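Only one structure is covered here, and it is reproduced in the block below.
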Amino acid sequence: MNIFNTADLCDENDDIQIADPIFKSYGEREKFYGKIRTVSVQDDNSFVKKLINEKVKGDVMVIDGKGSFKCALLGDNLARCACQNGWAGFIINGCIRDSAIINKIDIGIKAINTMPKKSEKKDIGKYGDNLKFANVVFEEGDYVYSDSDGIVVSKKPLTHNNEAKGTNSSLPYNLVTYVKRMNND
């Protein structure tokens, strides 16, 4: 099990990027991390849907919707499908909808806001580009970490490995380490 806090990651690493705090949190997962997959779109979530349909192992989709408030790029149906296909979460430079339902789905989402209007379906978008928003460059294959304190991006994996079974991933890393040591004494 991997445990992290973005505050600790910032304290322990000089070679990371920290996103500006412009996002709101959605989904059941307060913390999520994974390898970045990028998609660039403008008021059209066709490419988002195609990428969600890929089976992955904990990747995080970073969507540059150009900060548009015209429509949502993710709703409950796509969030549910993403969860089933192994996605850990999303970082969205744009909006989502169905937030009350999404908040009950085991997925992590950071988005700028909500918008009830669905997106267009013109099959326009692009995969794999470096995306720049929130004062960070999100590159395909880099790693992103998100929790209630913010978003951190790194070229390499940063998580702590904790072999204790049944530990609560919402506990701070230092507390879990302390509890594990107490149980071993």
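Note on segment 107-127: residues that are assigned to a loop (DSSP other than H, G, I, E, B) and among the basic types (Lys, Arg) amount to 4.
Residue count for segment 65-95, restricted to those that are surrounded by 16 or more Cβ atoms within 10 Å (Cβ to Cβ), under 13 Å from the mean Cα position of the chain (by Cα) and not aliphatic (A, V, I, L, M): 5. Residues in segment 73-93 that are part of a loop (DSSP other than H, G, I, E, B) and among the polar types (S, T, N, Q): 85 alone.
Here 66, 57 are screened, and the one residue that is under 16 Å from residue 129 (Cβ atoms), in a loop (DSSP other than H, G, I, E, B) and not β-branched (Val, Ile, Thr) is 66.
So that you can scan it fast, the table gives a plain yes or no per residue for (1) free of Cβ contacts under 8 Å to residues at least 24 places away in the same chain; (2) within 16 Å of residue 37 (Cα to Cα); (3) among the small types (Gly, Ala, Ser); (4) surrounded by fewer than 23 Cβ atoms within 10 Å (Cβ to Cβ):
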| position | (1), (2), (3), (4) |
| --- | --- |
| 99 | no, no, yes, yes |
| 106 | no, no, no, yes |
| 109 | no, yes, no, no |
| 112 | no, no, no, yes |
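In the condition set (1) more than 16 Å from residue 141 (Cα to Cα); (2) over 11 Å from the mean Cα position of the chain (by Cα); (3) of a type outside the set (Phe, Trp, Tyr), residue 25 is compliant with all but (2).
Scanning segment 121-140 for residues that are exposed (fewer than 15 other Cβ atoms within 10 Å of the Cβ) and either small (Gly, Ala, Ser) or more than 25 Å from residue 20 (Cα to Cα) (or both) returns 121, 122, 123, 124, 128. The set of residues in segment 128-163 being assigned to a loop (DSSP other than H, G, I, E, B), more than 16 Å from residue 60 (Cβ to Cβ) and at pLDDT below 95 consists of 162, 163. Residue 100 fulfils the conditions (1) at pLDDT 95 or above; (2) in contact with a strand residue (DSSP E or B) (Cβ under 9 Å, 6 or more places away or on another chain) except for a single criterion, (2).
The values are calculated or read from the model by the stated rules, or taken from the named source; none is laboratory data. Keep in mind that what you see is a predicted model, and the values were worked out from it rather than measured. In this analysis, Cβ positions are derived from the backbone assuming ideal geometry, glycine residues included, and neighbour counts consider all displayed protein chains.
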